[in-house]
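Participant: Please see the structure below; I have some questions.
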Amino acid sequence: MDTVPFLQSTPLLAVLASLAAVPLIALSGKKPNLREFWTFLAGFIKLALILSMGSYILSGNTHTYELCKILPGLSLQFTVDGFGMLFALVASSLWLVTSVYSIGYMRGLDEHAQTRYFCFFALALSATIGVAFSGNLLTMYLFYEMLSLSTYPLVTHHQDMEARGAGRKYLTYLLSTSIGLALPAMLATYLITGTLDFNVQGIFPPDTAKTTLVVLLIMFLYGFSKAGLMPFHSWLPGAMVAPTPVSALLHAVAVVKVGVFSIGRVLTGIFGIHLLASANLNVIVCVIAGFTVIISSLIALSQDNLKRRLAFSTVGQLAYIILGIGLASRLGVIGGMTHIAMHAFGKITLFFCAGAIFVATGKKYVSEMKGIGRRMPYTMAAFFIGSLSVIGLPPCGGLISKLQMVYGAMQADMFFVLVIYLVSSLLNAAYFFPIVYNAFFCPDEEAMFEKRVDEAPVFCMLPPVITAVISVVLFFFPGIFMDFASLMVVGV
Amino acid sequence: MITDQLPILILAVPLLTSFAITIFARKSPILAFSLLLAAIGTSFACSVGVLRQLLETGATIHYHVGNWQPPYGIELVIDHLNAMVLVIVSGAALLTAVYSRHTVPAEVPDRFPGEKIPERATNYYTLYALLITGLLGIVATGDAFNLYVLLEISALSSYALLSLGRGRAYFATFKYLIMGTIGACFYLLGVGYLYIKTGSLNMADLKGLLASSILLDSQTVKIAFILIIVGIWIKMAFFPLHGWLPNAYTFASDTTSCLVAPLMTKVSVYMMIRLMFSVFSVHYIFEVLGFQDMVVWLAAAAILFGSVSALGQTNMKRMLTYIIVAEVGYMVGGTWLGNSNGLTGATYHILSDAMMTLCLFMAVGAVIYKTGDSSRESMRGIFRKMPVTAVVFLIGAFAMIGIPPTCGFFSKWYLVSGALEAGHWGFAAALLISSLINAIIFFRIIEIGYFPDFDAPAAASGDHGHGAAVMAEVPLTMLLPMVLTALSLIAIGVYSNEIITGLVSRTIPAGLL
């Protein structure tokens, strides 16, 4: 084992940090402040553990920690590399912000079963970090399933009829695709190659039949349906019945990004971008993802429920990322991976704002939000910045990653992808700007808020402002995340 | 040395205890329970001892009963395969024995209003000890005829136990008795044919004799094999010979279900593997006989039939019995795939399925113990009322669905690998479809446990079903074995590599790729 400037087991500890908090949270259910203290303590420890590996990884190393062997030639294994670090940093830092927001939101609405809520949130974060640091496909699958199951109580938190329906849809989509497609694809890969460890050069032997590769690729793309590629996307808008912090962290960051991350891992670590490009498999990825990008943006235009509109926007943005990585060109991969972070900060801002509006006014529909900017100026300013980032306009981080992906499309000589990027950016603008415009600039007689509406509680208002500011910071310092992404294309 | 006597002690202790219970504990159910617990505990300890001995030396243990030399005397032969199965059988029986402390008095009451009949519970424990003797004997013996005797011991005691159930238990058990007897007769007839041809009943001896080229083509041997295998299939409820199982197990008392459901079918699967590869040979079964493909398709059909039938049940015990029918298909199919991955999956699944089934039957039994109701609706509010039972049920359900790191995932992994390797897509698809159907079956129940009843008028008030739910768990004697079983599901999964390289892979017969 090589010497590293941190404990060998740091990746495992990072996974366990929030898992260990679960019993503590459960036991202090009677004292809400103590209970939330555990969440924050675990969050800070987790973030610190992840950060402690940062400089070592940035200098071009990877760190592997093997827990135990579970199948011949296959272990439960953690590997920390650039891509994993990027994702782990995003998820763990946003967990902290979301926890602040959760307190404001859950207490503001006096929700029931808050202890259960915080327990499963911590559990879900363990699974997310587990996926980020997985050293092989099997470990990743294990944490992927753990995430599906641990988020079910969060999605169905309200325990009403609507939640039951959404929960059914959620599990039906996620479990049926992972058991029905991803698992057999993984098994077949193992039988062909004898390994499931990620390797930037790809693991398939050069003489693998192209038909096999195509079938496996498609099974993997749809098998990790957390990424919401159409037609396996409709669990995501359905899952919006969850409390807003859940939608914010899980359905804009953790759960959906785990799907995208898994697909990204398979594309870069199992197939390898060299094979994708040389066997023209990247065209398949781009067509599937490109279709999703355009169609979901069109659907988003017609949604009146703000959270549903954001959900369809997420479906589109996830497909962006897959499109970027699927281009299988250096810049495309860097752009796609960086977009995981950029989109996360932008989209979570938007969800936070939607929730803040709901807490303050009880409004869920876009058509009821005219003039709200005058009443909740901070929230809507944050919303504006978030939407800039998602559309990809300066001065927000989203521009940087989008630009990289556009360059990547040119590098891969795929001009139809370029068109997809441009058209969808316009569509993004078309479904976000009217909300902002109406919030601030509608005529007085149309404004729907006669009475003074206070801003949401400070716990709800502060997080979107923070994430909006970070979105802007990322425009000037994209290297925070892009440097990690760049590590993944070294030597390919 | 006492350690040399461990193999016979595994069987002798429960056998003698069953007499002891009848003689000494007629008036005292508590004493009967204690004797049973001690006997099965001893059996379990001896099984573990034998397993350790085997792992240390690596050599198969031969024990000649009464020091009569084989092939004439009865021989106990313990290799890696049956050492593992012995530990499973005695372990599961031990857990169920602890569990039975409170359930047996409730289900087999030793007193009616006005009169006290302590013999009833005592009789129950006697039969329990006899059943376990039979099952352990089937596993330990190296003699084909002796196996028949022990098969009948276990079968007869299980008929008696199953008939002590509720509702239509008598009728269901009678049906099982008829079918079980036919199965045993088939087996006996097959062994008889082999004896006519070879003049031997010792398994190792038979294997050597059957390898001669004259006997390979013999019609008599072929018919003997078919009779034996069909007999065993009836005993293990392999589709389409499963008709007796669902009713017999559903109407049985819950303790009996916990005891019989995980063990009887698994021991039958063990019998099949033992006879296929220790009496007949890989060459004979997969090359001389020509119906390998048909059996695997039949197994696929069993899986689909069992899963779909389970989907249609509202009674939870009945649902579990159909899942057993599907699981039997897993193991038969895996064995008949004719490659090492398939057989590894099937053998490992004996272990994991026994524990999974035990876990689920115990959890359901606990719910029935508290609510008196075996329909799915009895799970309403389970997460608040009986949180430990609910979690145990959840882990069992995850194992059945095959979610890592529970053991169900790994058996499925090997079975599907074997199916893909053999190019048997139908079987692989059946396995995956059954996983998906299991997911639907169990999440439907979990949903009932988690959500309030929207049809009931009380739910409209928006109390999220948290109204009068008060925590009311089952007694510790039931919780403890349940929790241990649930934990074992995860342990068996996490240590699957050790189990498979240390035990299962040593049982793969030479000649299987």
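Participant: Indicate the gyration tensor shape class of region B:291-513 (rounded, prolate or oblate), computed on the Cα atoms with a ≥ b ≥ c the square roots of the eigenvalues: a/c under 1.5 is rounded; otherwise a/b larger than b/c is prolate and the rest oblate.
Facilitator: Prolate, because a/c is 1.5 or more and a/b exceeds b/c.
Participant: Then there's this: Hey, what D do you get for the protein assembly as shown in µm²/s if you plug the Kirkwood alpha-carbon radius into Stokes-Einstein at 25 °C and 0.890 mPa s? Don't jump to the answer; show the numbers that get you there.
Facilitator: Numbers: Rh = 30.3 Å.
In µm²/s, the coefficient is 81.
Participant: Note down, for chain B, the three equivalent ellipsoid semi-axes (square root of 5 times each alpha carbon gyration tensor eigenvalue), biggest first, whole angstrom.
Facilitator: 37, 28, 20
Participant: Moving on. Just to be sure I understand: if I project the alpha-carbon convex hull of region A:355-403 onto a plane and average over all orientations, what area do I get in nm²?
Facilitator: 3.8 nm²
Participant: Further question on the same structure: Report the charge-dipole magnitude of the protein assembly as shown in Debye, nearest 20, computed about the Cα centre from +1 at each Lys and Arg Cβ and -1 at each Asp and Glu Cβ. Write out the running numbers ahead of the final one.
Facilitator: On the way: 53 positive and 47 negative charges, 262 e Å.
Approximately 1260 debye in magnitude.
Participant: Which net charge results for the neighbourhood of A:K226, defined as the other residues with beta-carbon distances under 14 angstrom from its beta-carbon, given Lys and Arg at +1 and Asp and Glu at -1?
Facilitator: +2
Participant: A follow-up question, please. As I understand it, the value is the acute angle between the Cα axis of helix A:137-155 and the longest principal axis of the Cα atoms of chain A; what does it come to in degrees, rounded to 10?
Facilitator: Between the helix axis and the principal axis of chain A, the angle is about 20 degrees.
Participant: May I ask you to list the lysines whose Cα is less than 16 Å away from that of B:K266, ignoring any residue fewer than eight positions away on the same chain?
Facilitator: List returned: B:K235.
Participant: Residue farthest toward the positive end of the dipole of chain A, with Cβ of Lys/Arg at +1 and Asp/Glu at -1: which of A:S134, A:Y320, A:I435?
Facilitator: Projecting each Cα onto the dipole axis, the largest value belongs to A:I435.
Participant: To the nearest 10 degrees, how steeply does helix B:80-107 sit against the main Cα axis of chain B, on a 0 to 90 scale?
Facilitator: Orientation of helix B:80-107: about 30 degrees from the principal axis.
Participant: Explain nothing, just the number: dipole magnitude of region B:291-513 about its Cα centre with +1 on each Lys and Arg Cβ and -1 on each Asp and Glu Cβ, in debye rounded to the nearest 20.
Facilitator: Magnitude of the dipole: close to 200 debye.
Participant: Take the cross-link list A:K69/A:K210; A:K226/B:K412; A:K363/B:K385; B:K175/B:K317; A:K307/B:K412 and give me the ones stretching past 28 Å between alpha-carbons.
Facilitator: Details: A:K69/A:K210 31 Å; A:K226/B:K412 23 Å; A:K363/B:K385 36 Å; B:K175/B:K317 18 Å; A:K307/B:K412 39 Å.
Check vs 28 Å cut-off fails for A:K69/A:K210; A:K363/B:K385; A:K307/B:K412.
Participant: With a cut-off of 8 Å between alpha carbons and a minimum separation of six or more residues, what is the relative contact order of chain A in percent?
Facilitator: 15 percent
Participant: Divide by every residue of the protein assembly as shown the summed helix terms, -39500 (n - 2.57) for each DSSP H run of at least 4, and state the resulting mean residue ellipticity at 222 nm, rounded to the nearest 500 deg cm²/dmol.
Facilitator: -23500 deg cm²/dmol
Participant: Round to the nearest 0.05 the FRET efficiency obtained for A:S55 and A:T195 when R0 = 30 Å and r is the Cβ-Cβ distance.
Facilitator: Once rounded, the FRET efficiency stands at 0.50.
Participant: Sorting A:F475, A:F351, B:F238, B:F24 on the 10 Å Cβ count, fewest up front, what's the list?
Facilitator: The most exposed by this proxy come first: B:F24, A:F475, B:F238, A:F351.
Participant: Given R₀ = 41 Å, FRET efficiency for B:S34-B:D453 by Cβ-Cβ distance, to 0.05? Write out the running numbers ahead of the final one.
Facilitator: Numbers: r = 43 Å, r/R0 = 1.04.
Efficiency for this residue pair is about 0.45.
Participant: Please name which of B:V504, B:A184, B:A144 has its Cα lying farthest along the dipole of chain B towards the positive end, using unit charges on Cβ (Lys, Arg +1; Asp, Glu -1) and the Cα centre as origin.
Facilitator: Comparing the listed Cα positions along the dipole, B:A184 ranks first.
Participant: In region B:10-66, how does Rg compare with the Kirkwood Rh, expressed as the Rg/Rh ratio over alpha carbon atoms?
Facilitator: Taking Rh as the inverse mean 1/r over Cα pairs, Rg/Rh reads 1.14.
Participant: Now for a separate question. Would you list which lysines come within 28 Å of B:K116, measuring only between C-alpha atoms, while excluding same-chain residues fewer than 8 positions from it?
Facilitator: B:K27, B:K370
Participant: Right, something else. Listing A:W95, B:W68 from the residue with the fewest other Cβ atoms within 10 Å to the one with the most, what is the order?
Facilitator: With the sparsest Cβ surroundings first, the list reads B:W68, A:W95.
Participant: Taking 0.36 nm per residue of sequence separation and subtracting the Cα-Cα distance, how much length would be gained by fully extending the chain between A:A26 and A:Q8, in nm to one decimal?
Facilitator: Numbers: separation 18, 0.36 × 18 = 6.48 nm, distance 2.96 nm.
Full-extension gain reported as 3.5 nm.
Participant: Using the Cα centre of chain A as origin and beta-carbon charges of +1 (Lys, Arg) and -1 (Asp, Glu), tell me which of A:G54, A:V489, A:I299 is placed farthest towards the positive end of the dipole.
Facilitator: Final value for the positive-end residue is A:I299.
Participant: Sorting A:K31, A:K370 on the 10 Å Cβ count, fewest up front, what's the list?
Facilitator: By the 10 Å Cβ count, ascending: A:K31, A:K370.
Participant: Hey, another quick one. Just need the Rg to Rh number for region A:256-298, please, alpha carbons only, Kirkwood Rh.
Facilitator: With Rh from the inverse mean 1/r over Cα pairs, Rg/Rh is 1.04.
Participant: Could you tell me, in Å, what Rg and Dmax come out for the Cα atoms of region B:150-223?
Facilitator: Cα only, region B:150-223: 17.3, 54 Å (Rg, Dmax).
Participant: Can you check what the net charge comes to around A:K307, using other residues whose Cβ is under 14 Å from the Cβ of A:K307 (Lys, Arg +1; Asp, Glu -1)?
Facilitator: Net local charge, A:K307 excluded: +2.
Participant: Roughly how tilted is helix B:387-401, in degrees to the nearest 10 and between 0 and 90, from the longest Cα axis of chain B?
Facilitator: 40 degrees
Participant: Here's something else I'd like to know. Please report, in Å, the Rg and the Dmax of region A:94-164, where both are computed over Cα atoms only.
Facilitator: 13.8, 42
Participant: If you build the Cα gyration tensor of chain A and take the root of 5 times each eigenvalue, what three semi-axes come out, in whole angstrom, biggest first?
Facilitator: Semi-axes, largest first: 34, 26, 20 Å.
Participant: Gain in length, B:F171 to B:S212, computed as 0.36 nm per residue apart minus the alpha-carbon separation, to one decimal in nm?
Facilitator: Full extension from B:F171 to B:S212 adds 10.1 nm.
Participant: Further question: As a test of understanding, state the convex hull volume per residue of region B:1-159 from its alpha carbons, in Å³.
Facilitator: 108 Å³
Where a number appears in this text, it was derived from the coordinates with a stated rule and is not lab data. Predicted, not measured: the structure shown is a model, and the values here were computed from it. Cβ: placed from backbone, ideal geometry, glycine included. Neighbour counts: every protein chain shown.
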